[in-house]
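Asker: Structure in structure tokens, see below.
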Amino acid sequence: SINTIVSCTIFVVGIIGNSTLLRIIYKNKCMRNGPNVLIASLALGDLLYILIALPINVYKLLAKDWPFGVQVCKLVPFIQKASVGITVLSLCALSIDRCRAVASWSRIQGIGIPMWKAVEVVLIWAVAIVLAVPEAIAFDMVELSYWEQHLWVCMLASEQKSRFMMFYRDVKDWWLFGFYFCLPLVCTGIFYTLMSCEMLSKRNGMRIALNDHMKRRREVAKTVFCLVVIFALCWLPLHLSRILKKTIYDQTDPNRCELLSFLLVMDYFGINMASLNSCIKPLAQHSLLFSPVSHTCDLSLPPLVSSQSCLCCWCQRPALSITPTDEKGSVGKWKATGQELGLDRSSSRLSNKYSSS
């Protein structure tokens, strides 16, 4: 069917894209910095979802019975929600990071992962895993009668053992819509508004020497914004179908079958679009690593990396030696020419004049 073909395409492209992204960051030391560790976190979360949850979801749509047992029944929704949680929290962290990077425009990002950034990634994964635990508890194997057959299906059980899980079952759709969809949009809107105000206020006071540096940071900020837009477009149909079923569906309505058929088609479309998000994101994340704005890459790197296009990294070329100290103690050593820092001859003479005076 079309659904199977689309899912298989997403599976292949998603594995290639996310694994390639992780390999590039792992193999090149100049790319191991704060923003890129968040990108790697996004890619790893998507890779886990594609490898484990996507194939089982395809089988679940095609088969009538659930043959994998209770453990897998609880594991699949747990991995799904953990992966989405990692995506949501990482997008929020990237938005905050870009706002801070543009606000502190005189700060130079060095090579190496700051300790606080590593702790931030660990916290993102820990919070995402904890928030996914109720999903594992709520799902169970339920016996249903269908055309005089008794089938075991994996679904959200109507009977829950605790008051908290009963409450979670009732508010689950609104909780998923609020935290897993609206939160990154609100966070991006707030911090990108602050970032725009900061850029406008400092537009006339920026030093010429950091023009290219700020241009690179603005390009990264645009790409992060595109990641959030892609996330919103891919997940909107699924959340919309769940909210419509929660608010419009009435068991006493004689035309409920037509509504359920429409929502079922919308649900399938939403699931495919949500899976497509894990396939499209690596393309946008690659542009975070590689952008034509920068022309300062190490020629000794592999061809893919040394194509005059690394954006989130500071690569080495023999010239003026600068050793910037990254925030919170990470020291990255790199070399840059005056041209790479946005210095032309006139600005160099101007700086020499002021230094001599």
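Throughout, read-outs are computed from the coordinates displayed, never taken from laboratory work. Computed from a prediction, not measured in an experiment: that's the story for all the values here. Heads up, the Cβs are rebuilt from the backbone with ideal geometry, glycines too, and the neighbour counts pull from every protein chain shown.
Asker: In what order do 225, 164 fall by count of nearby beta-carbon atoms within 10 Å, going from fewest to most? Show your work: numbers first, answer last.
Answerer: Working: 225 19, 164 11.
Ordered by Cβ neighbours within 10 Å, fewest first: 164, 225.
Asker: By average Cβ neighbour count within 10 Å, what is the ranking of 127-135, 140-148 from highest down?
Answerer: Order by mean packing, descending: 127-135, 140-148.
Asker: With the dipole of the stretch 237-290 worked out from charges on the C-beta (+1 for Lys and Arg, -1 for Asp and Glu) around the Cα centre, which of 262, 286, 248 lies farthest toward the positive end?
Answerer: Farthest towards the positive pole: 286.
Asker: So, counting K/R as plus one and D/E as minus one, what does the shell of residues with Cβ under 15 Å around residue 251 add up to?
Answerer: 0
Asker: Same structure again: With 10 angstrom as the radius, rank 262, 78, 269 by how many other C-beta atoms surround their C-beta, starting from the fewest.
Answerer: 262, 269, 78
Asker: In the structure displayed, which of 29/222; 172/281; 74/117 lie more than 28 Å apart, Cα to Cα?
Answerer: On the way: 29/222 24 Å; 172/281 26 Å; 74/117 31 Å.
Beyond 28 Å: 74/117.
Asker: Next question. Please state the relative contact order of the stretch 36-89 as a whole percent: Cα pairs under 8 Å, 6+ residues apart?
Answerer: Reported relative contact order: 60 percent.
Asker: Work the Kirkwood hydrodynamic radius out for the stretch 163-204: mean of 1/r over every pair of different alpha-carbon atoms, inverted, in Å. Don't skip to the end; give the middle numbers.
Answerer: Numbers: mean 1/r = 0.0797 Å⁻¹.
Roughly 12.5 Å, rounded to one decimal.
Asker: From the square roots a ≥ b ≥ c of the eigenvalues of the alpha-carbon gyration tensor of the stretch 69-192, which class results: rounded (a/c under 1.5), prolate (a/b over b/c), or oblate?
Answerer: prolate
Asker: Now for a different question. Could you order peptides 181-188, 60-67 by the average number of other Cβ atoms within 10 Å of their residues, highest first? Working shown, then result.
Answerer: Numbers: 181-188: 18.1, 60-67: 13.1.
Descending packing order for the listed peptides: 181-188, 60-67.
Asker: Here's a follow-up. How would you rank 233-241, 28-36, 155-163, 171-179, highest first, on the average number of other Cβ atoms within 10 Å across their residues?
Answerer: 28-36, 233-241, 171-179, 155-163
Asker: Which whole-number percent gives the relative contact order of the stretch 1-68, counting Cα pairs below 8 Å spaced six or more residues apart?
Answerer: That works out to 41 percent.
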